[in-house]
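Structure, as structure tokens:
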Amino acid sequence: MKNTELIGSQFTVQVANENHLHFAETICAEMEESAKKRGTGIAKRSPVYLMEKMVEGKAIIATTNRGVWVGFCYIETWEHGKFVANSGLIVHPDYRNSGIAKSIKAKAFELSREKYPNAKIIGITTSLAVMKINSDLGYEPVTFSELPTDDSFWKGCASCVNYDVLTRTERKHCLCTGMMYNPEEAKKNEKKETWNFLKESKLYERWMQIKQRVLLRREERAKKKNTEAMLVP
């Protein structure tokens, strides 16, 4: 894998290193702001944590040809390398809808496959745009039961406003969709037709809307029941 890749004449996407440590605080601030605007959570990380990922060679960063930060993503492992997640994808607001997110995800996917060739690459998201990128890379939707059971994996969801939904359903359901690239399944399905996201996206969009209404209604009933219980003398 090439550590550095020029995207057109405007962006450079590369494996982050010590030269990018000064971007960590800015990236963390943008992650938090983006999560607030969307009403869902990117797992909250500290600048020090992102710096560690850069030093370990487990992060991807995109910059302009003038060295301005454009986007970022890092990789995490779970259950002794059985699972790998490409986490914290963030793009600076000025460069969204430029296609750079797809390039960052592709580079992170390539890095994950190089470092952990036998691992299942996973992700959870509410974004249809991210689902489209993931499906192009070979991810397919999975149930939450197929994701890591490690508590530290799910702890990353604690900063999300929907975390209560996840805990109430004992990690069986949430507003996010789980996705996975399974290298063993990918080999078996090389000659088969892959999941067509564009064909199915309207269906998934409708399903997401239904799931959101159902889960939030269930949460409201639970809260009402708890309130009524508290009022009983």
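Of all residues in the stretch 117-148, those that are over 13 Å from the mean Cα position of the chain (by Cα) and free of Cβ contacts under 8 Å to residues at least 40 places away in the same chain total 5. Selection of the stretch 105-114 for residues being aliphatic (A, V, I, L, M) and open to solvent by less than 10 Å² (accessible area, probe 1.4 Å) yields Ala108, Leu111.
Can you find, within the stretch 115-134, the residue that is modelled with the highest pLDDT among those that are open to solvent by less than 60 Å² (accessible area, probe 1.4 Å) and over 14 Å from Asn86 (Cα atoms)? Only one residue fits best here, namely Lys132.
Condition check: out of contact with any Ser or Thr (no Cβ under 7 Å at 6 or more places or on another chain), at pLDDT 95 or above and closer than 23 Å to Glu33 by Cα. Does Ala101 satisfy that?
Criteria not met by Ala101.
In a residue-by-residue description of the stretch 37-50, the property of being out of contact with any Cys (no Cβ under 6 Å at 6 or more places or on another chain), closer than 22 Å to Met1 by Cβ and modelled with pLDDT of 95 or more applies to at least one position.
Condition test on Phe83, is it under 15 Å from the mean Cα position of the chain (by Cα), open to solvent by less than 30 Å² (accessible area, probe 1.4 Å) and among the aromatic types (Phe, Trp, Tyr)? Taking the combined requirement at face value, the residue satisfies it.
Is there a residue in the stretch 18-35 that is of a type in the set (Ser, Thr, Tyr), open to solvent by less than 60 Å² (accessible area, probe 1.4 Å), at pLDDT below 95 and within 17 Å of the chain's Cα centre (by Cα)?
Here is the first cut: in the stretch 18-35, the ones of a type in the set (Ser, Thr, Tyr) are 26, 34.
Filter once more, so that each one left must be open to solvent by less than 60 Å² (accessible area, probe 1.4 Å): 34.
Next, only the ones that are at pLDDT below 95 stay: 34.
In the following step, the residues that additionally are within 17 Å of the chain's Cα centre (by Cα) were identified as 34.
Yes, the conditions are met somewhere in the stretch 18-35.
Take the conditions (1) in contact with a helix residue (DSSP H, G or I) (Cβ under 9 Å, 6 or more places away or on another chain); (2) buried (at least 19 other Cβ atoms within 10 Å of the Cβ); Val48 misses just one of them, which is (2).
The values are calculated or read from the model by the stated rules, or taken from the named source; none is laboratory data. This one's a predicted model, so the numbers in the text were calculated from it and none came from an experiment. Ideal geometry is used to build each Cβ from the backbone, glycine not excepted, and the neighbour counts take in all protein chains shown. Surface areas here come from the heavy atoms of the whole protein model, side chains and all, with no ligands, DNA or RNA. Shrake-Rupley method; radii C 1.70, N 1.55, O 1.52, S 1.80 Å.
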